[in-house]
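Step one of this worksheet: look at the structure below.
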Amino acid sequence: LFQAYERRFPTCPLIPMFVASDTVNEYKSEDEAIHVIERRCKLDIDAPRLLKKIAGVDYVYFVQKNSLNRRERTLHIEAYNETFSNRVIINEHCSYTVHPDNEDWTCFEQSASLDIKSFFGFESTVEKIAMKQYTSNIKKGKEIIEYYLKQLEEEGITFVPRWTPPVACKSESSTSHPRRPVSPAINIPESATKEGLNNKEILNTSSSPSEPTAGTPDDKLDADYIKRYLGDLTPMQESCLIRLRQWLQETHKGKIPKDEHILRFLRARDFNIDKAREILCQSLTWRKQHQVDYILDTWNPPQVLQDYYAGGWHHHDKDGRPLYVLRLGQMDTKGLVRALGEEALLRYVLSINEEGLRRCEENTKVFGRPISSWTCLVDLEGLNMRHLWRPGVKALLRIIEVVEANYPETLGRLLILRAPRVFPVLWTLVSPFIDDNTRKKFLIYAGNDYQGPGGLLDYIDKEIIPDFLGGECMCEVPEGGLVPKSLYRTAEELENEDIKLWTETIYQSASVFKGAPHEVLIQIVDASSVITWDFDVCKGDIVFNIFHSKRAPQPPKKDSLGAHSITSPGGNNVQLIDKLWQLGRDYSMVESPLICKEGESVQGSHVTRWPGFYILQWKFHSMPACATTNLPRVDDVLASLQVSSHKCKVMYYTEVIGSEDFRGSMTSLESSHSGFSQLSAATTSSSQSHSSSMISR
């Protein structure tokens, strides 16, 4: 990799803005284990001509320092701007290291920071240019490494011997230091040149990639386990799975998804681990908020659904996938929406998907091979303009959106049969909401085409084709039909029912804005009561505070002055602390502020010392300028450049345990709340108030 990387200098045709570079300093150790090169690089930044004229420069100069340690098998790259360093501070750090689980894998990580102090009044423009250039370079990195790896291969260089100490050093050091085992040469397989490097990706350069990975979480990703439960995985894909699962085990509090489900999110994002982690975390938060893990055990579908929803599970297809049959043409979508509302229909579809996941696990055991998706057969016989009723289509689009976000890669194949003339109209409405990868799995048959070559028999055994499609198998799926109007509900009843369904969750949502924190009031009558909280930071970074006041704050006003309450699509925003109040006089801070990052889950408790009014506050947190010794992740840098990042969202739950129910010590509280850890060392005395909090990402 280092040989491929060094070919980028003194200039690189794949990076047009990289005009030239000069070596200003170079150092090699006597044993050639350490090699440090410092270069001055000339860049032609893609910026408006007017901005260059105002700044008085045509080119920008950066200093880059590459430190190769052959003994430790690491390459560290540092870069900073020389031009305008008194106005703009840019620092970048990249590293190539050996993967801790497999020494034949290479880890690549990249981070950067940007601090614009002033730039002739064009600070915002410079921010946008910097973000554009940086994201472009990240994407280009994969293409460049592929190019030079292929170039090496064409020149006949397919392996590079690892560094070994010189003979003199070897005999000299053997008496005082244990010698490191010498590993064999690194083969550069063809797959490496094809897959290349992504930001924070891993390249497998092992000569035998099918060997089990040692030291992986649970030590169960061996060849038999992969073949039996996961299917064919490249070394790169296996590595992504290991890393994402390990990250969840280290940071996520709650139920960890099974490997099969984690793989679905990785496949949905083409094994881009950062993107997969983002949507997986959002889905886990959603599942927790709506208690989806318990839906099959705790929710019973209304009788109307059981009688008139024309869908159900029916054996399996030829690949062993569970088969779901939906007679959409026979279903009264308008009647179901009028009788049940959108939320009940959505919850029913969620229960169907949860049942599908369970059936996939069962079929994996039955057939002895991985089954991770199901087949859906949709019969459109009877579809007409009634099915295009706008509220019904709206409900359908919302269901598609929720399923796409939380059940990726679960649909193996969709067979649409007997599509009538009106179908193109419905397809035009719903297709933009369906993922491109999902759309590729659709097979549409008009009339009786499904009975001919390439039809149903190619995917489903003749013995289980439903009777209503000309088969011999009796299908127990309800026939649907019109929902009696006597079962229709008024709009007000449906609205109340919808609220009841989704407020069964114990969590509430709140929006936090820059300058507008969200605050919750808790009145404590008896000292030594325990306030507990559990919240997820769904968007942005926040600061969590706990305050105490002897007097009650005024209730939120409806106007825009003073304390106020805002209702937004993302949740409520309530402010209780009056702007005229002074900290230390009208109210006091009882615990140290806690900074919580996006994606973190926080659970904690506070043992009250005094009666009165306690205020829990979630406040917007701005990212400070970072020192060069503590560089943020690439995601943090890009997030900090977003103009619209002045809104945060939290999902929270609070509860008060009365002093009579509190059993005298923090230990009993911790044991009943999954082991809280101390938030502040200043609250350890039993005679004072206590707080504990645990954070997980």
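The values are calculated or read from the model by the stated rules, or taken from the named source; none is laboratory data. Bear in mind the structure is a predicted one, so any value in this text is a computation, not a measurement. All Cβ positions, even for glycine, are placed from backbone atoms using ideal geometry, and neighbour counts span all protein chains on display. Protein only, heavy atoms only, side chains kept; ligands, DNA and RNA dropped before computing areas. Shrake-Rupley method; radii C 1.70, N 1.55, O 1.52, S 1.80 Å.
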Can you list residues from other chains, or at least 5 along the same chain, whose modelled amide H is less than 5 Å from the amide H of residue 512? 648, 649, 650
With viscosity set to 0.692 mPa s and temperature to 37 °C, compute the Stokes-Einstein D of the stretch 223-290, Rh being the Kirkwood radius across alpha carbon pairs; µm²/s, no decimals. 266 µm²/s
Mind checking the dipole of the stretch 1-155: about its Cα centre, +1 per Lys or Arg Cβ, -1 per Asp or Glu Cβ, Debye to the nearest 20? 860 debye
Rounded D (µm²/s) - the stretch 1-155, Kirkwood Rh over Cα pairs, Stokes-Einstein at 25 °C, 0.890 mPa s: 143 µm²/s
As straight-line cross-link partners of residue 65, the qualifying aspartates and glutamates (C-alpha separation under 14 Å, not fewer than 8 residues apart within one chain) are 6, 22, 26, 38, 78, 82, 92
Please compute the contact order of the stretch 223-290 in relative form: average sequence separation of alpha-carbon pairs under 8 Å and at least six residues apart, divided by the residue count, as a percent. 26 percent
Please go through the stretch 71-144 and write out the chymotrypsin sites (Phe, Trp or Tyr not before Pro) that DSSP classes as loop and that have at most 13 other C-beta atoms within 10 Å. 120
Accessible area per residue, 1.4 Å probe, Å², for the stretch 223-290: what's the number? 45 Å²
What figure, in Å² to the nearest 10, do you get for the accessible area of residue 605 with a 1.4 Å probe and non-protein molecules left out? 0 Å²
In Å², rounded to a whole number, the accessible area per residue of the stretch 373-440 with probe 1.4 Å is 47 Å²
With N residues in the stretch 341-478, what two-decimal value do you get for its Cα radius of gyration over 2.2 N^0.38 Å? 1.10
Carbon plus sulfur fraction of accessible area for the stretch 1-155, probe 1.4 Å, in percent: 49 percent
State which entries of 132/649; 255/288; 550/597; 117/275; 140/440; 288/539 exceed 21 angstrom in Cα-Cα distance in the structure shown. 132/649; 550/597; 117/275; 140/440
Counting other Cβ atoms within 10 Å, keep those with at most 11, restrict to DSSP loop, and tell me which chymotrypsin sites (Phe, Trp or Tyr not before Pro) in the stretch 233-300 are left. none
